[in-house]
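What follows is a single structure, written as structure tokens, with notes after it.
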Amino acid sequence: MDLSLTEEQQLIVDMVRRFVREEILPLEANLDPDADELAPEDYERLVAMIKDMGLYGLDTPPEYGGPEIDLVTRCLIAIECGQHRAGLYAPCYYVFGGARQAQLFEATEEQKEKYLHPMLRGEKKFFFGLSEPSGGSDPARAIQTRAVRDGDDWVLNGTKLWISGADRADFGLLFARTGGPGRAGVTAFIIETEWEGFNVRRAVHTLRSAKYATEIELNDLRVPHDNILGEEGGGFAIANDRLMRQRIPYAAECIGIAIKANEMAVEYSKVRETFGAPLSQRQGIQWMLVENEIEIRAMKWLVFDAACKADRGDPFRMESAIAKLQCSELAGKVVDRSMQIHGGLGVAKDLPLERWYREIRIRRIGEGPSEVQKHVIARDILGAGLR
Amino acid sequence: MDLSLSEEQQLIVDMVKRFVREEVLPLENDLDPDEDTLPPEQFAKLVEKTKEMGLYGLGIPPEYGGPDIDITTRALISMENSQHRAGLYAPCYGAFGGAGLAQLYEATEAQKEAYLFPTLRGEKKAFFGLSEPSGGSDPARAIQTRAVRDGDEWVINGAKLWISGADRADYGLLFARTGGPGRGGVTCFIIETHWPGFNVRRIVHTLRQALHATEIQIEDLRVPHDNILGAEGGGFAIANDRLSRQRIPYAAACLGPGFKAHEMAIEYSQIRETFGAPLSSRQGIQWMLVENEIDLRTARWFVLDAAAKADRGDPFRTEAAICKLVASEAAGRVIDRSMQIHGGLGVAKDLPFERWYREIRIRRIGEGPSEVQKHIIARDIIGAGLR
């Protein structure tokens, strides 16, 4: 057992921290408080710097040109590069690149040629279409979009909801029911957004103003049989694998803004005087900061535990569910307390706290709400009896 | 970073786990529910076994004959050997031996001859006399017991409270004021309990029934100058070092009954049926178990973090305070929830819950109450401004 960072991990952490402080924070001074994109010339300049650091395309497998970095180190990086205003949903404004659609690494050679490689080169954009108006949780049972075979094609009809980026994507993954109810009846299709029958019906606005989700309508969308990803009826396994793996970096991303919020609260508490003494001298305030500190440390250990298990190839379903649950809940508490300590400044758009406060709320729902994580954990504690 | 147990650690953990299940748990069937000592022949048998395992004298440094085991592994052992009814305050009924007073390793050779070695041989018992009726927290300021020099001797007058085992001890450490107020004015004396002027005035009973604390009255107790431990005025440093180090094993031991209570609650929830279904199928109960699981895992990482820092020789005051705070609070919650799931059985003396429930409550006060731990953490977060 060794709980300290390796020398290499420490170097990477220091490098990313410097990058955020020297390159990202100054840019944000001139951006809209809700911006989630950089001007193209800034973006390209920063991508070039990340490539120089050898950190571009973090979650891209080495055989596709990504750096071979283990999950623990990627979590350490995620914690650092989230420490700015847009950091929760647009860490470093995406200049670290990233594959995101890990499922496509399991595609056929032909599918890779057509979709994966252009995406990795940054030429094509992608969406992930799982959730429906019937609900995002428990997708195996919630999916009602139907695909019916017709010769060499499949014909899809249905609706998808909460789909990020479908209005700007070139292609995407759509999960539809090809068989009976439950897990085995779901198949994943790769579809192109220009095909007839694919329509983005509306933007779905949320309390996060930077980005919106979309609702998609599918009317007799014809998809070639060769565009099935994986096997017919194997869609749930593909979706589930993504959901489980995605929880660990998703959890780690919550920690960055919590660390930054707490750091700001500690500093501000020493500066702001009320009733003749700085806030930092008041024990009520001190204990708020102590709770921040403890919760931040707890989040880290739970994420590292899950990432270590995943890196070792051990089962990590319970650990990733605990990490996702705790990080989204605790980061919300830390941001809330830090906002409180800042008083009126805490809710002003001058500081990032109000944006974090809105965005972190989504993390308790996205990628499986807290209640589903508890359900997953309970299932593992109590054994196979629960479904 | 490697968060898995080493092969050796895993072996030791498994060995101790087996020892508790096979040797200690069966004995408890025939013991009084509040027992904290074994009959001598049973005790001797268990000591023989821990000696065979090479784990006797866990608190003793290797150069004095203790096993050569790091703090992390000792913490792992503490989490195991406390997993039985008496485990919180009498882990394995003392069969792993122990150091007595760690401060004596800093004593002069003559003092070691007279006190340390007889203690390690099991011939003499010691007490630790710091707290007073004026309070146990912030001892540097609370100590009012006074020592005045008289030739080659010191004459001590005052009172001590909450002192464990003073009525059964042969000698002990007594902290008294030899100078002005504050830290620099406190000196540590080794005193013998048969000297005139040393009196155990009364037993102090608490909600823990097994062992009691004492109140001590000191009237013109004459102590040779050579019986000062460390330097004159250096008493606080001696006390403080103990308090800081002691927090890690103290925190680790809280988790043993926590783990055991949780394990029992999981098993019972699967057996006990209400309204036609086992408790384990009720989501309200499931979430109580999920909270147990998360509380225990989080506290465990805090203990291991503090132990790893202490092992590496890094500063660990904050980490020790956090693990003491979190482990004592978390174990209390886990025991409370597990008791609740057991219904009437939870409060019956048939099961260990009611004893754990009483004893774990003390852990939020003993060795520095939660509020003092928060004060320490706040001091480290905010900087030297706080005293």
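The set of residues in the stretch B:150-186 being surrounded by fewer than 15 Cβ atoms within 10 Å (Cβ to Cβ) and closer than 28 Å to B:Phe117 by Cα consists of B:Asp152, B:Arg168. For the stretch B:1-30, a residue qualifies if it is more than 14 Å from chain A (Cβ to nearest Cβ), touching a residue at least 24 places away in the same chain (Cβ under 8 Å) and in a loop (DSSP other than H, G, I, E, B), but none of them does. Of the residues making up the stretch A:50-88, those that are of a type in the set (Ser, Thr, Tyr) and crowded, with 19+ Cβ neighbours inside 10 Å are A:Tyr56, A:Thr60, A:Thr73.
Let's see how each residue does on (1) in a helix (DSSP H, G or I); (2) farther than 21 Å from B:His225 by Cβ; (3) at pLDDT 90 or above:
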{"residue": "B:Pro118", "(1), (2), (3)": "yes, yes, yes"}
{"residue": "B:Lys124", "(1), (2), (3)": "no, yes, yes"}
{"residue": "B:Asn157", "(1), (2), (3)": "no, no, yes"}
{"residue": "B:Leu161", "(1), (2), (3)": "no, yes, yes"}
{"residue": "B:Asp167", "(1), (2), (3)": "yes, yes, yes"}
{"residue": "B:Phe175", "(1), (2), (3)": "no, no, yes"}
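Among the candidates B:Ile335, B:Ile341, B:Ile365, the residue that is modelled with pLDDT of 95 or more and more than 14 Å from chain A (Cβ to nearest Cβ) is uniquely B:Ile335. Against the conditions (1) more than 24 Å from B:Ala299 (Cβ to Cβ); (2) surrounded by fewer than 19 Cβ atoms within 10 Å (Cβ to Cβ), B:Ala102 satisfies every one except (1).
Looking only at the stretch A:291-308, residues that are at the interface with chain B (Cβ under 7 Å from one of its Cβ atoms) and touching a residue at least 60 places away in the same chain (Cβ under 8 Å) come to 2 in all. Per the listing A:Asp59, A:Asp70, the residue uniquely over 18 Å from A:Arg85 (Cβ atoms), touching a Lys or Arg at 6+ places or on another chain (Cβ under 8 Å) and not assigned by TED's automatic domain parsing to the domain that holds A:Phe304 is A:Asp59. Just to be sure before I move on: is B:Glu63 part of a helix (DSSP H, G or I) and under 28 Å from B:Phe353 (Cβ atoms) in the structure I sent? No.
Scanning the stretch A:326-344 for residues that are without any contact (Cβ under 8 Å) to a residue 60 or more places away in the chain and within 13 Å of another protein chain (Cβ to nearest Cβ) yields one hit, A:Glu329. When A:Ala237, A:Ala265, A:Ala323 are screened for being within 30 Å of A:Gln144 (Cβ to Cβ) and either without any contact (Cβ under 8 Å) to a residue 24 or more places away in the chain or more than 9 Å from every other protein chain (Cβ to nearest Cβ) (or both), only A:Ala237 passes. Evaluated against (1) surrounded by fewer than 23 Cβ atoms within 10 Å (Cβ to Cβ); (2) among the polar types (S, T, N, Q); (3) within 8 Å of another protein chain (Cβ to nearest Cβ), A:Thr274 falls short on exactly one condition, (3). None of B:Leu351, B:Leu325 is out of contact with any strand residue (DSSP E or B) (no Cβ under 8 Å at 6 or more places or on another chain) and within 12 Å of another protein chain (Cβ to nearest Cβ) except B:Leu325. For B:Gly59, indicate whether it is under 24 Å from B:Ser164 (Cβ atoms) and either surrounded by fewer than 20 Cβ atoms within 10 Å (Cβ to Cβ) or assigned by TED's automatic domain parsing to the domain that holds B:Gly258 (or both). So B:Gly59 fits the description; yes.
Does the stretch B:267-277 contain any residue that is over 20 Å from B:Gly368 (Cα atoms), away from chain A (no Cβ under 11 Å), surrounded by 18 or more Cβ atoms within 10 Å (Cβ to Cβ) and touching a residue at least 24 places away in the same chain (Cβ under 8 Å)? Within the stretch B:267-277, one or more residues are over 20 Å from B:Gly368 (Cα atoms), away from chain A (no Cβ under 11 Å), surrounded by 18 or more Cβ atoms within 10 Å (Cβ to Cβ) and touching a residue at least 24 places away in the same chain (Cβ under 8 Å). Taking the conditions (1) more than 13 Å from every other protein chain (Cβ to nearest Cβ); (2) aliphatic (A, V, I, L, M); (3) closer than 22 Å to A:Ala252 by Cβ in turn, A:Val347 satisfies each one other than (3).
The values are calculated or read from the model by the stated rules, or taken from the named source; none is laboratory data. On a predicted model such as this, the values are computed, not experimentally measured, just so you know. Please note: Cβ atoms are built from the backbone with ideal geometry, for glycine as well, and neighbour counts cover all protein chains shown.
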